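Trainee: What follows is a structure written as structure tokens; I'll ask about it next.
The values are calculated or read from the model by the stated rules, or taken from the named source; none is laboratory data. As the structure is a computational prediction, the values presented were derived from the model and not from experiment. Heads up, the Cβs are rebuilt from the backbone with ideal geometry, glycines too, and the neighbour counts pull from every protein chain shown. Heads up: the accessible areas ignore ligands, DNA and RNA and are worked out on the full protein's heavy atoms, side chains in. Shrake-Rupley method; radii C 1.70, N 1.55, O 1.52, S 1.80 Å.
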Amino acid sequence: MWETLLESWKSLLEPLHDPVTLAIPAFVIFLAIEWFAARALEDHPDDADGRARPEEGGYRSVDARTSVLLGLVSIATSTFWKVLALIGYSAIWVYLAPWHLSPTAWYTWVILLLGIDVLYYAYHRIAHRVRVIWATHQAHHSSEYFNFSTALRQKWNNSGEIIMWLPLPFLGIPPWMVFVGFSVSLVYQFFVHTERVGKLWRPIEFIFNTPSHHRVHHGSDAEYLDRNYAGILIIWDRMFGTFAAETHRPTYGLTTPVGTYNIWKLQTREYAAIARDWKASKSWRQRAGYVFGPPGWAPKAEVTSTESTAPSH
């Protein structure tokens, strides 16, 4: 097992085995082009309710910087989770997997990418419907702007995804390939965070997650909530009844504006809201509901903490 772990770690350190590392220059270039194109739209004033409603394709310097900082910290935290995952995945691959798939076989990569994508859909859907997991994810939805910098506004707690990928090493996929597969998904998803691309050719819109589909996912409008969880393929949403087409420009951000650019508060605010609701609960049923129920859950005739980001986003 330790030989497998060392080989997996060496593979992850190889730049050519990490699509995210290879894509960083492209991320920087596309973000810079989009930001430069939006400079005339920057600093659009907030509405009376405190929500930013920027012009299409807009940027705000402080918002973009916040997203980039959240992304930089997530690189460090995700390394910690990857170390733990490698140990667990290697043990599963060595001792429990009924067979070992070859990384040189084309079908291994097909199984990997399809597996990563459907498991990402499942995790993403759970993250919007289970409050304690939503607490890890809500920071990504906190921006009221939608541009390439928003894609970098990542969570710091990757434990849910780590658990969701467990079936992949059990199916015989080498542990290092699991991280490559998810990196491919992350690179793809960066490019769907933009308002600069309209609707694409209909067959592409039918099969793949696109900027139009992902704009819906980031909308806080009632008709857009909890829709379009896709990573790469939108077919999962179509199959499982969570698809919604973009019919109007979304109102981005959480249902209640966050009112802060403090990266620590953005990451922890929902955990704090859960703690307040837990403390005020009168029974274990209520405590379980506040933790494992959907965002916005409350006992009948009650409301959740006023600072909760519920419902969903």
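Trainee: Go over the candidates Ala245, Ala222, Ala280 one by one and state the one that is open to solvent by 60 Å² or more (accessible area, probe 1.4 Å), free of Cβ contacts under 8 Å to residues at least 40 places away in the same chain, closer than 22 Å to Glu56 by Cβ and among the small types (Gly, Ala, Ser). I'd like the intermediate steps shown before the answer.
Mentor: Numbers: Ala245 fails: open to solvent by 60 Å² or more (accessible area, probe 1.4 Å); Ala280 fails: closer than 22 Å to Glu56 by Cβ.
None of the other options fit; the residue is Ala222.
Trainee: How many residues are surrounded by fewer than 22 Cβ atoms within 10 Å (Cβ to Cβ) and without any contact (Cβ under 8 Å) to a residue 40 or more places away in the chain when one looks only at region 119-132?
Mentor: 1
Trainee: Any residue at all in region 94-116 that is at pLDDT 95 or above, touching a Phe, Trp or Tyr at 6+ places or on another chain (Cβ under 7 Å), closer than 13 Å to Trp165 by Cα and not in a loop (DSSP other than H, G, I, E, B)?
Mentor: Among the residues of region 94-116, at least one is at pLDDT 95 or above, touching a Phe, Trp or Tyr at 6+ places or on another chain (Cβ under 7 Å), closer than 13 Å to Trp165 by Cα and not in a loop (DSSP other than H, G, I, E, B), which makes the answer yes.
Trainee: May I ask you to list the residues in region 139-154 that are under 23 Å from Leu84 (Cβ atoms) and either open to solvent by less than 20 Å² (accessible area, probe 1.4 Å) or in a helix (DSSP H, G or I) (or both)?
Mentor: Hits for region 139-154 are Ala139, His140.
Trainee: Take Arg238 and tell me if it is at pLDDT 95 or above and among the basic types (Lys, Arg). Even if it seems obvious, please write down each step before you answer.
Mentor: Details: at pLDDT 95 or above: yes; among the basic types (Lys, Arg): yes.
So Arg238 fits the description; yes.
Trainee: How about region 191-219: which of its residues are small (Gly, Ala, Ser) and open to solvent by 10 Å² or more (accessible area, probe 1.4 Å)? Break it down stepwise before answering.
Mentor: Within region 191-219, the first condition is being small (Gly, Ala, Ser), and the residues that meet it are 198, 212, 219.
Across region 191-219, the qualifying residue is only Gly198.
Trainee: Counting only residues that are in contact (Cβ under 8 Å) with a residue 60 or more places away in the chain and of a type in the set (S, T, N, Q), which one in region 61-111 is farthest from Val20 (Cα to Cα)?
Mentor: Selected residue: Ser90.
Trainee: Hey, another quick one. Test each condition in (1) hydroxyl-bearing (Ser, Thr, Tyr); (2) more than 22 Å from the chain's Cα centre (by Cα); (3) modelled with pLDDT of 85 or more for Thr4 and report the one that comes out false.
Mentor: Single failed check for Thr4: (3).
Residue-wise test of (1) open to solvent by 50 Å² or more (accessible area, probe 1.4 Å); (2) at pLDDT 80 or above.
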| residue | (1), (2) |
| --- | --- |
| Asp18 | no, no |
| Pro25 | yes, yes |
| Ile33 | yes, yes |
| Ser67 | no, yes |
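Trainee: Hey, among the residues in region 35-60 that are small (Gly, Ala, Ser) and either modelled with pLDDT of 75 or more or closer than 30 Å to Gly88 by Cα (or both), which one's surrounded by the fewest Cβ atoms within 10 Å (Cβ to Cβ)?
Mentor: Let us first name the residues in region 35-60 that are small (Gly, Ala, Ser), namely 37-38, 40, 48, 50, 52, 57-58.
Filter once more, so that each one left must be either modelled with pLDDT of 75 or more or closer than 30 Å to Gly88 by Cα (or both): 37-38, 57-58.
Working: Ala37: 13, Ala38: 21, Gly57: 16, Gly58: 21.
Checking each candidate, the answer is Ala37.
Trainee: Looking for whichever is open to solvent by less than 20 Å² (accessible area, probe 1.4 Å) and over 18 Å from Lys265 (Cβ atoms) here; the options are Thr136, Thr104, Thr108. Which one fits?
Mentor: Numbers: Thr136 fails: over 18 Å from Lys265 (Cβ atoms); Thr104 fails: open to solvent by less than 20 Å² (accessible area, probe 1.4 Å).
Only one candidate passes the filter, namely Thr108.
Trainee: Given the criteria closer than 26 Å to Leu72 by Cα and of a type in the set (Asp, Glu), does Glu270 qualify? Before the answer, list the steps.
Mentor: Values: closer than 26 Å to Leu72 by Cα: yes; of a type in the set (Asp, Glu): yes.
The answer is yes for Glu270.
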